[in-house]
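Undergrad: Quick one: the structure is below, questions incoming.
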């Protein structure tokens, strides 16, 4: 018998954890001599007060939906993929190679090709740690972490020696052709008479991310493979006994995870920068961890958590601009969210469980 | 390449290996007790910041050292609270610590000094002085031995000698004392230790205290070497130390050689942008990635097998 009703586990605990994280964030803003209320107002105004702000918020949200889903897929198989950053980097390389390969006539052709490019590169980068975990027992957390650094060196090398425009000072590839330009919200909404900001980077990838979230739900809860991933995650021995091949599940779950990370590159590389730049992911692979933890590895939770982090990112940028609070404030909040929703989960859970048990006893009595 | 160049490379190897060694030994104590410590990077950064800040304000690096150790200890205890007391996921807790350190150091630094997250430069007593061992000047005229003694062995800061001394001390504590035996046992089979009437919780917290102190020393060393704190100045050293720990198979003497090797790689990478062997040029990025590649190769078990402490990563729950 479960100690708590399902809604408390899925909604109440994350909510309390987030409130705790925000309380400490507010405390810190207050400690450095700023007003937390003004800070919150500035952030909300900056993130949702204009179509430009909304466009940036949704652009970041798109990134975090992809990486959040990626970490969650692996987590359902009890694999902690902290190599999202490197997989996004490789995905960016894949997308850039596809976009630069030919002069694309139309984005509707370029997008699917770039998606394949990003997903394949991301999945391939996740394959090696997955194989080493499944076949050689190398701990996936350490190997994926090492692969982040290797990815950064590798992509830096390719960028500097092969993709950089000769004679240019900046370490970035040539710009993609006009045919690889993805429709932005401004272009998508103009036919409906909505004047969305021209400068905001939100683009059609947002819809792809939502589709991916739906696909995630179908995969994990409606297919045989999803069932196998979940049962492998719940108990490896039981899964083995039921005839599920652990090597196959480890590798497949990690490759799906890597592919989702790689897909993120259609948003940041193809949609926003329209060229490959150095360190393109900007930490999105790590934020995926916080998003997946907070979203309880469920697509609805992940989309909501991604939106929250999108808000924090865009709002945080405004905070730097108006209140002179460094951008790193978001990193602190991110750390607090991971700490409270992830590592300190029991601190919130144990008293709540006691409370619910006590309530049930009084009801029965 | 002449003899002096080799000496200079080796000298900077020792300089670069010092923080790695201290951090690696920190990880060694923590992981040997069954607490996986991904948060080494965060502790390093927190210590570097606090020591840099306090050393600037007080003008004394030794007070800075105290503050750096205190900051690192605070992070270590938070890790203990999450992963020992509340039996949370050690990996997640470590990741959270790294983010907290990366963010807090800049936010607080900006609030205190308004230099974009840096601390003001340290000078004079705000940095560790170089220790010149006896006779280093007098002997420097002796061929081969003189320069070696003068350049390589003498002239480092106190923390370098402490770090090297920490290796035999760690070995002695782990393998020759009752505490060390229990510490290793708690990382392999905590329930056996518990059955013997020794507190698992207390031992694991003690291991984290040692780890916190060692990381504090390493962070202070970084701040002193760079004459101040700079945003993200640990630059992945916590992860390299973790890699060295695996490379060293969780043993103190191996930790010394592993960190010296990684220090040497960094020293060579710093000195030469790219290395040409015949027509083949090794790119600098490859040199940067080499510690990580080596670690993966070791983890894959192709060159000897690295077997971590068995109870690592799992919180200890008494059976009911």
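The values are calculated or read from the model by the stated rules, or taken from the named source; none is laboratory data. Small disclaimer: the values here were computed from a predicted structure and weren't measured. Note: ideal-geometry Cβ built from the backbone for every residue, glycine included; neighbour counts use all protein chains shown.
Undergrad: So residue B:135 passes all but one of these: (1) in a helix (DSSP H, G or I); (2) on the phi > 0 side of the Ramachandran plot. Which condition number does it fail?
TA: Answer for residue B:135: the failing condition is (1).
Undergrad: If you take the residues in the stretch B:143-159 that are in contact with a strand residue (DSSP E or B) (Cβ under 8 Å, 6 or more places away or on another chain) and crowded, with 18+ Cβ neighbours inside 10 Å, which one is modelled with the lowest pLDDT? Before the answer, list the steps.
TA: In the first step, residues of the stretch B:143-159 are kept if they are in contact with a strand residue (DSSP E or B) (Cβ under 8 Å, 6 or more places away or on another chain); the result is B:154-158.
Filter once more, so that each one left must be crowded, with 18+ Cβ neighbours inside 10 Å: B:154, B:156-157.
Numbers: B:154: 76, B:156: 83, B:157: 85.
Checking each candidate, the answer is B:154.
Undergrad: Name the one entry in B:240, B:210, B:298 that is surrounded by 15 or more Cβ atoms within 10 Å (Cβ to Cβ) and at pLDDT below 80. Give the derivation first.
TA: Details: B:240 fails: at pLDDT below 80; B:210 fails: at pLDDT below 80.
Being surrounded by 15 or more Cβ atoms within 10 Å (Cβ to Cβ) and at pLDDT below 80 holds for just one of B:240, B:210, B:298, which is B:298.
Undergrad: Given the condition part of a helix (DSSP H, G or I) and in contact (Cβ under 8 Å) with a residue 12 or more places away in the chain, answer yes or no: does some residue in the stretch A:356-363 qualify? Outline the logic, then answer.
TA: Here is the first cut: in the stretch A:356-363, the residues part of a helix (DSSP H, G or I) are A:356-363.
Remaining after also requiring in contact (Cβ under 8 Å) with a residue 12 or more places away in the chain: A:356-357.
Yes, the conditions are met somewhere in the stretch A:356-363.
Undergrad: Something else now. Of the residues that sit in the stretch A:278-290 and are within 8 Å of the chain's Cα centre (by Cα) and within 13 Å of chain B (Cβ to nearest Cβ), which one is surrounded by the most Cβ atoms within 10 Å (Cβ to Cβ)? Step through it out loud before you land on a result.
TA: Filtering the stretch A:278-290 for residues within 8 Å of the chain's Cα centre (by Cα) gives A:284-289.
From the residues that got through so far, the ones that are within 13 Å of chain B (Cβ to nearest Cβ) too are A:285-289.
Details: A:285: 28, A:286: 24, A:287: 31, A:288: 36, A:289: 29.
Filtering first and then ranking leaves A:288.
Undergrad: Considering only the stretch A:97-104, I want to know if a residue exists there that is crowded, with 24+ Cβ neighbours inside 10 Å and touching a residue at least 40 places away in the same chain (Cβ under 8 Å). Spell out how you get there, then give the answer.
TA: From the stretch A:97-104, those crowded, with 24+ Cβ neighbours inside 10 Å are A:98-99; that's our starting set.
Add one more test, that the residue is touching a residue at least 40 places away in the same chain (Cβ under 8 Å), and what stays is A:99.
Within the stretch A:97-104, one or more residues are crowded, with 24+ Cβ neighbours inside 10 Å and touching a residue at least 40 places away in the same chain (Cβ under 8 Å).
Undergrad: Could you go through the stretch A:277-299 and let me know if any residue there is assigned to a loop (DSSP other than H, G, I, E, B), in contact with a strand residue (DSSP E or B) (Cβ under 8 Å, 6 or more places away or on another chain), modelled with pLDDT under 90 and over 21 Å from residue A:47 (Cβ atoms). So that I can check it myself, show each step before the final result.
TA: In the first step, residues of the stretch A:277-299 are kept if they are assigned to a loop (DSSP other than H, G, I, E, B); the result is A:278-283, A:295-298.
Keeping just the survivors that are in contact with a strand residue (DSSP E or B) (Cβ under 8 Å, 6 or more places away or on another chain) gives A:278.
Subset that is modelled with pLDDT under 90: A:278.
Cutting the leftovers down to over 21 Å from residue A:47 (Cβ atoms) gives us A:278.
For the stretch A:277-299, residues assigned to a loop (DSSP other than H, G, I, E, B), in contact with a strand residue (DSSP E or B) (Cβ under 8 Å, 6 or more places away or on another chain), modelled with pLDDT under 90 and over 21 Å from residue A:47 (Cβ atoms): present.
Undergrad: Given the conditions (1) within 17 Å of residue A:268 (Cα to Cα); (2) surrounded by fewer than 24 Cβ atoms within 10 Å (Cβ to Cβ), and given that residue A:41 satisfies all but one, which numbered condition is not satisfied?
TA: The number of the failed condition is (1).
Undergrad: From the set of residues in the stretch A:149-177 that are within 14 Å of chain B (Cβ to nearest Cβ) and in contact with a strand residue (DSSP E or B) (Cβ under 8 Å, 6 or more places away or on another chain), which is surrounded by the most Cβ atoms within 10 Å (Cβ to Cβ)?
TA: Of all residues in the stretch A:149-177, those within 14 Å of chain B (Cβ to nearest Cβ) come to A:149-164, A:171.
If we keep only those that are in contact with a strand residue (DSSP E or B) (Cβ under 8 Å, 6 or more places away or on another chain) too, we end up with A:159, A:163-164, A:171.
Numbers: A:159: 22, A:163: 18, A:164: 18, A:171: 15.
Applying the filter and picking the extreme gives A:159.
Undergrad: Of all residues being at the interface with chain B (Cβ under 7 Å from one of its Cβ atoms) and closer than 19 Å to residue B:288 by Cβ in the stretch A:125-148, which is modelled with the lowest pLDDT? Just the residue, please.
TA: A:142
Undergrad: Can you name every residue in the stretch B:237-289 that is in contact with a helix residue (DSSP H, G or I) (Cβ under 8 Å, 6 or more places away or on another chain) and on the phi > 0 side of the Ramachandran plot?
TA: Correct list: B:250 only.
Undergrad: Go over the candidates A:58, A:79, A:111, A:93 one by one and state the one that is buried (at least 20 other Cβ atoms within 10 Å of the Cβ) and outside any helix (DSSP H, G or I).
TA: Working: A:58 fails: outside any helix (DSSP H, G or I); A:111 fails: outside any helix (DSSP H, G or I); A:93 fails: outside any helix (DSSP H, G or I).
One residue alone meets the criteria, A:79.
Undergrad: Is at least one residue of the stretch A:318-332 more than 14 Å from chain B (Cβ to nearest Cβ) and within 24 Å of the chain's Cα centre (by Cα)?
TA: Checked the stretch A:318-332: at least one residue is more than 14 Å from chain B (Cβ to nearest Cβ) and within 24 Å of the chain's Cα centre (by Cα).
Undergrad: All but one of (1) buried (at least 23 other Cβ atoms within 10 Å of the Cβ); (2) under 19 Å from residue A:150 (Cβ atoms); (3) in contact with a strand residue (DSSP E or B) (Cβ under 8 Å, 6 or more places away or on another chain) hold for residue B:224; state the number of the condition that does not hold.
TA: Tallying (1) buried (at least 23 other Cβ atoms within 10 Å of the Cβ); (2) under 19 Å from residue A:150 (Cβ atoms); (3) in contact with a strand residue (DSSP E or B) (Cβ under 8 Å, 6 or more places away or on another chain), residue B:224 fails exactly one: (2).
Here's the yes/no breakdown for (1) within 16 Å of residue B:211 (Cβ to Cβ); (2) modelled with pLDDT of 95 or more:
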site: B:33; (1), (2): yes, no
site: B:39; (1), (2): yes, no
site: B:65; (1), (2): no, no
site: B:77; (1), (2): yes, yes
site: B:87; (1), (2): no, no
site: B:90; (1), (2): yes, no
site: B:98; (1), (2): yes, no
site: B:106; (1), (2): no, no
site: B:121; (1), (2): no, no
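Undergrad: When only residues in the stretch A:337-351 that are at the interface with another protein chain (Cβ under 7 Å from one of its Cβ atoms) and in a helix (DSSP H, G or I) count, which is surrounded by the fewest Cβ atoms within 10 Å (Cβ to Cβ)?
TA: A:346
Undergrad: If I filter the stretch A:125-148 down to residues being surrounded by fewer than 22 Cβ atoms within 10 Å (Cβ to Cβ) and assigned to a loop (DSSP other than H, G, I, E, B), which single residue comes out as farthest from the chain's Cα centre (by Cα)?
TA: A:137
Undergrad: Among A:199, A:195, which is surrounded by fewer than 22 Cβ atoms within 10 Å (Cβ to Cβ), within 24 Å of the chain's Cα centre (by Cα) and assigned to a loop (DSSP other than H, G, I, E, B)?
TA: Values: A:195 fails: within 24 Å of the chain's Cα centre (by Cα).
That would be A:199, the only listed residue that is surrounded by fewer than 22 Cβ atoms within 10 Å (Cβ to Cβ), within 24 Å of the chain's Cα centre (by Cα) and assigned to a loop (DSSP other than H, G, I, E, B).
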